[in-house]
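Read through the structure below, which is laid out as structure tokens, and then see the notes.
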Amino acid sequence: MATPHFTVHQPATLEEALDLLGRHRASVKLLAGGTDLIMKLRGGAMSADHLVSLNRVGGLNRINYQDEDGLVLGAGARISDVAAHPDVRKHYPALAHACSVMATTQIRNMGTVAGNLANAAPSADTAAPLLAYRGSVVLVERGGRRQVKLEEFFKGPGLTVLEPMEILEAIRVPVPPGRAGSSYLRLSARSQVDIAAVGVAGFLALDLDGCMMGVRLACASVAPTPVRCPEAEAMLEGQRPDPRLLARAAVACVRAARPIDDLRATANYRRAMVQVLAGRVLQKCLSMAQGGAQ
Amino acid sequence: MKNPAIIGASIPRLDARQKVTGQALYTDDLTLPGMLFGAILRSPVPHARIKRIDVSKAKALAGVKDVVTGADTPQVKFGNWRLVPDSQDELPLAVDKVRFIGDEVAAVAALDKETALRACSLIEVEYEELPGYFSVEDSTQEGAALIHAESEGNVSLARKIKYGDLEAGFAQADYVREDTFRVHAVSHAYLEPCSSLAAPDEGGRVTLWTSTQVPYIVQCLLASTLGLPENHVRVIKLNTGGGFGGKMELRKWEFCAAFMAVRTGRPVKFTLRRADELASGRRRHGMPIRSKVGFSKDGLLMAKDFDVLLDGGAYNSMGPTATFLCGNFGAMLYRYPAYRYLGRHVYTNKPPAGAMRGFGAPQALFAAETQMNMAAHDLGIDPIDLRLLNAMETGDEIPEVATISSCGFKESLVKVRQMSGWDVKRQEKKPGHGIGVGCYSFISGGVFNWFNTKYNFASAEVRVFEDGTAHLLTMATDIGQGSDTVLRQILAAELGIGVDKIRLTASDTAVTPKADLGTWGSRVTLMAGNAVVQAAKKIKEMLIPVVFGHFDLNQIHDIAFENDRVFSKARPDKGFSFGECVYKALKGRRGEPLTAFGAYTPRNKGLVSPAFSFGAQVAEVEVDEQTGLIQVHKMYTAHDCGVPINKMAVEGQLEGSIHMGLGYALMEDFVMKDGRTLNTTFLDYKIATAQDMPPSQSVEIDTYEPEGPFGAKEAGEGLVSPTAPAIAEGVFHATGYRCLDLPITPPKVLQGLGRLKG
């Protein structure tokens, strides 16, 4: 492919960034880690005359956890920094795990979690755990801010509710309750350095009677967008954990999947693997919650 | 004579520092004044007649300096098998027909890459599509259109081998089984994509810098396709980032660069992109392999019938050699009283298959070794015991084909059994865990002169100087395997001087002695090594008289060359430094430099190879029976490569072979639809990463190959073969699922276990 030519703008504030977006609205893209964007520009899958970089915008790379507000990840927070952050590892281990196994070392060092979400690949590894943790995204434009639940954010492969002049400023995740467990498992043909062919994340907490509450299950790479599994969640909510029930819920997760055959796996294999991974994720969540760990 | 300080030492590559610091120059690093950038227009359809090509818009684009199509070229067919002109089925650019998606149709040279690519998109080609055939079964069916008019039913060549009484063998056998295996095409995935730069030279000559395994072959075929005398073409190989068989022919961009350099009077460079390499580059032959084998009830081999269809893609490439070797390796390793082979090389409308590490052996040995494991299971004999019962030994003859002059196969089996803890792990099986064995043999270069060279197969020139240094000139081609280091070790050991005292000039066809057939078939250490030894011995013959004369030695003395000295073995004080000895010889020759030529051509070595390597490998695997994922926990290898010249280099070859074998066994595969390759990036064409690599334990069996330099034979290629059958047997041992069609993917495992519907 021919080398693309474009102008890169490096604003220092969010306001400046929004102004630049407006000024070059005819042909502009936002640049965070660039690990997807630059490949698309080079490959000719996308074109832009202007790139507005978020890399020098003050405060955007923050990773901040507080016991009242939960976790805030700025749009510039690098995947590898999120994976290594002690608060993320302690309170959101499934997210930390996703951030430590996805892509490659080089991509994790450059790429951002916000970019992973805004890129809206069906296989986005951070999306499934963030759905399980009830994450939402903060979107900002010149008129103001809005907060959108992650499950309402994705619209299709590469499509989100982001308006053309809007910037994904931050990701917010609530504080998980005590006696909780969470997990993210993924499969790919190669043990590492690969895109997930199937990914499943889960979260659950136990109440004082030992019943499951706040159950969330989400899958990646098995539908046009990362998806929740509402039927399976409903089956488990308020119930005592029982191996047969967990197995039935894992089967129910398959019904949330709408996989296709592609280069990485067949739809058939993906469906079967959603069940296997969901079963394992639920087991892991349960033992973590019962063990009281994290 | 063995010099343990040099032969068998672990000497790091002499070019390692340059490479890891980025100073080493590869072809694409070169820029010449006035250089143009080339781009190639490829066929978008798998099989079609070209009705019309219009290049006028491309020519009119600003910055475009030349556009060529097949009509502009001399239209001389080429191919490596010059001995059989009918097999030469390629043209430098398509004329009349295209035969696969990616077939080269036209080329552009322009001031920059972008313009060259844009000009390609402005070339109008009208195609009349013909039926496309994407499997050997389809293209050989009754009434299929011919991809090459000259072929019979799209079979470009057939090879037969027959010895012993096959019918009697099967009749007397107590146990006979017949299976069909399917092996797939994979990519060489060399890290340096092909790159070629040509510059016009005075007198209508041309110089080509190119990423190649075969400078001499490129020189000859480029000359014939350009219509120039052979020595008007100079081919220079710089550092080359791997080849694995994918760079052992004249390639079309090499022709286009040279052709357009002559036409425009300017240098022209072509560099392929990874997507070009994966979409239309050479690959390993896929094959259906039908094998019937008979044993006595005690496990002795009685007869084998081996029938193979090689999926050659659109052109012969190195297919004829792969067809020959596939038949050879169908019956290597063991004593077969009767054997019949029929190999047919079949055209399909896919990117041509060519030489690739193992050259027919990985496919034949996956089938043969897997079938050996299946027979062991049925006969109730341990797979290693069954192999020991039938294993070849030193001195064995393959009728009319070869004599095995050294063979450490039995020792390899015994050793690998012991080091892997085979007997215990085979008996005390843990759920999901398995252990399997696979073996190999390979050639140390080919005997058959398919290129029909008039020169020696390998040559070397050695010059020695009065400062105690030497200069080695050879056309032997280091493409990353380390021959530049190993050949200097051989010369250093022979002359008794340090490796650091040797300057090397390699792979420049205008400077280095004719000829060397290049890097393929694991030929370089043995053949070029022997040429170096011969040249060095001639130099020694020039120096020895100097010592005798100067010290007035009795003729019974023997002269040693060690530690940069030349001296009497019995009276080490009678001698002088290597440099001084050269100085004195030079005086006696009144200034005529001491230069010697050495060569090697195998003679009276049968039809296949002067020497064969052997080995056995064990894989320990774990299979997740719910997901089908396979993890290889450890590889154990015992192998016989003769005397290793450089242990570190041998170890590197072993690691690289396991890596490539692992990818072949488990994950590498071209996803094809109607002749189009869909996975054209390393994200979707999955080669194993360093993180997939299992730990490895290995041992070299102590043998001495009389035909090799210092007893050495091949170590770079055969080792790629045992990994897939060893892993497949490990998976069977772990789960009961027997894979007969590579690669062993998780869905296949689950389907095999009845846990997933097809």
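Across region B:492-499, computed HN-Hα scalar couplings (Karplus, 6.51 cos²θ - 1.76 cosθ + 1.60, θ = phi - 60°) run 4, 5, 6, 8, x, 10, x, 4 Hz from first to last residue, x flagging Gly and Pro.
Cross-link partners of B:Lys587 among aspartates and glutamates, defined as those whose alpha carbon lies under 12 angstrom from its own and excluding same-chain residues fewer than eight positions apart: B:Glu466.
Residues in region B:319-331 carry Karplus couplings, in order, of x, x, 5, 4, 5, 5, 5, 4, x, 4, 7, x, 10 Hz; the curve used is 6.51 cos²θ - 1.76 cosθ + 1.60 with θ = phi - 60°, and Gly or Pro positions show x. Straightening the chain between B:Asp378 and B:Lys673 buys 102.4 nm, computed as 0.36 nm per residue apart minus the Cα-Cα spacing.
Rounded, prolate or oblate, given the Cα gyration tensor of chain B, with a/c below 1.5 counting as rounded?
Here chain B falls in the oblate category.
When the alpha-carbon atoms of the protein assembly as shown are used, the pair Rg, Dmax equals 32.0, 106 angstrom. Can you tell me which lysines have their Cα less than 18 Å from the Cα of A:Lys40? Leave out same-chain residues fewer than eight positions away. Counting by Cα, and skipping residues close in sequence, A:Lys40 has these lysines nearby: A:Lys29. Note on region B:315-458: lysine pairs with Cα distance below 27 Å, sequence gap of 8 or more or different chains, count 5. In this label model, A:Ser27 and B:Ala145 are separated by 4.1 nm, measuring between points 7 Å along each Cα→Cβ vector. Other residues with beta-carbon under 9 Å from the beta-carbon of B:Pro694 carry, at +1 per Lys or Arg and -1 per Asp or Glu, a net charge of -1. Rolling a 1.4 Å probe across the protein heavy atoms gives region A:1-68 an accessible surface of 58 Å² per residue. Per residue, the accessible area of chain B comes to 36 Å² when a 1.4 Å probe rolls over the protein heavy atoms.
Remind me, relative contact order of chain A in percent, using alpha carbon pairs under 8 angstrom and six or more residues apart? Each step should come with its number before you reach the end.
Numbers: 686 pairs, mean separation 44.8, N = 294.
Reported as a whole number, the value is 15 percent.
Of the residues making up region B:95-125, those losing 50 Å² or more of accessible area when the isolated chain is joined by the remaining protein chains, with a 1.4 Å probe, are B:Glu114. Of B:Asp96, B:Asp382, the residue with the largest accessible area leads and the full order is B:Asp96, B:Asp382 (1.4 Å probe).
Treating each Cα of region A:63-173 as an identical point scatterer and summing with the Debye formula, the log10 of I(q)/I(0) at q = 0.15, 0.21 Å⁻¹ comes to -0.58, -1.15. Applying the Karplus relation 6.51 cos²θ - 1.76 cosθ + 1.60 with θ = phi - 60° to region B:694-701 yields 3J(HN,Hα) values of x, x, 9, 10, 9, 9, 9, 7 Hz, where x marks Gly and Pro. Using a cutoff of 8 angstrom between alpha carbon atoms and counting only pairs six or more residues apart, the relative contact order for region B:286-364 works out to 37 percent. With R₀ fixed at 51 Å, the C-beta to C-beta distance from B:Gln555 to B:Asp702 puts the FRET efficiency at about 0.90. Between helix A:14-23 and chain A there is an angle of about 60 degrees, using the helix long axis and the longest principal axis of the Cα atoms.
Amide H contacts for B:Tyr190 (H built 1.01 Å from N in the peptide plane; partners 5 or more residues away or on another chain; cut-off under 5 Å): none found.
Overall, the accessible surface of region A:180-289 at a probe of 1.4 angstrom is composed of carbon and sulfur to the extent of 55 percent. Computed over chain A, the Cα gyration tensor eigenvalues convert (square root of 5λ each) into semi-axes of 34, 22, 16 Å, ordered from largest to smallest.
Look at the stretch A:266-273: the mean tally of other chain Cβ atoms within 10 Å of its residues' Cβ atoms is 5. Normalised by the number of residues in region A:63-173, the average gap of Cα pairs under 8 Å and 6 or more apart makes the relative contact order 28 percent.
Summed over both chains, the contact between A and B buries some 2000 Å² of accessible surface at a probe radius of 1.4 Å. Rounded if a/c is under 1.5, else prolate if a/b beats b/c, else oblate: with a ≥ b ≥ c from the C-alpha gyration tensor eigenvalues square-rooted, which is region A:180-289? Cα axes put region A:180-289 in the prolate bin.
The calculated FRET efficiency for the pair B:Leu388 and B:Arg205, based on their C-beta separation and a Förster distance of 60 Å, comes to about 0.55.
What value in Å³ per residue do you get for the convex hull of the alpha-carbon atoms in region A:7-53? Could you put the intermediate results ahead of the total?
Values: hull volume 2.8 nm³, N = 47.
Here the figure is 60 Å³ per residue.
In a fully extended conformation the segment linking B:Thr31 and B:Lys429 would gain 137.2 nm over its present Cα-Cα distance, using 0.36 nm per residue.
Near the amide H of B:Phe612, within less than 5 Å, lie the amide hydrogens of B:Ser405, B:Ser406, all on another chain or at least 5 residues away, with H placed in the peptide plane. Calculated FRET efficiency, B:Lys587 to B:Thr21, Cβ-Cβ distance, R0 = 45 Å: about 0.60 to the nearest 0.05. Summarising the label geometry, the points placed 7 Å from Cα in the beta-carbon direction at B:Arg263 and A:Leu245 lie 7.7 nm from one another. Within straight-line reach of B:Lys51, meaning a Cα separation under 19 Å, sit the following lysines at least 8 residues removed in sequence or on another chain: B:Lys97.
Among the protein heavy atoms, those of B:Lys587 account for about 130 Å² of accessible surface (1.4 Å probe, every chain in place).
The values are calculated or read from the model by the stated rules, or taken from the named source; none is laboratory data. As the structure is a prediction and not an experimental result, all values here were calculated from the model. Cβ sites come from the backbone with ideal geometry, for glycine too, and all protein chains shown count toward neighbours. Only protein heavy atoms, including side chains, enter the accessible area calculation; ligands, DNA and RNA are left aside. Shrake-Rupley method; radii C 1.70, N 1.55, O 1.52, S 1.80 Å.
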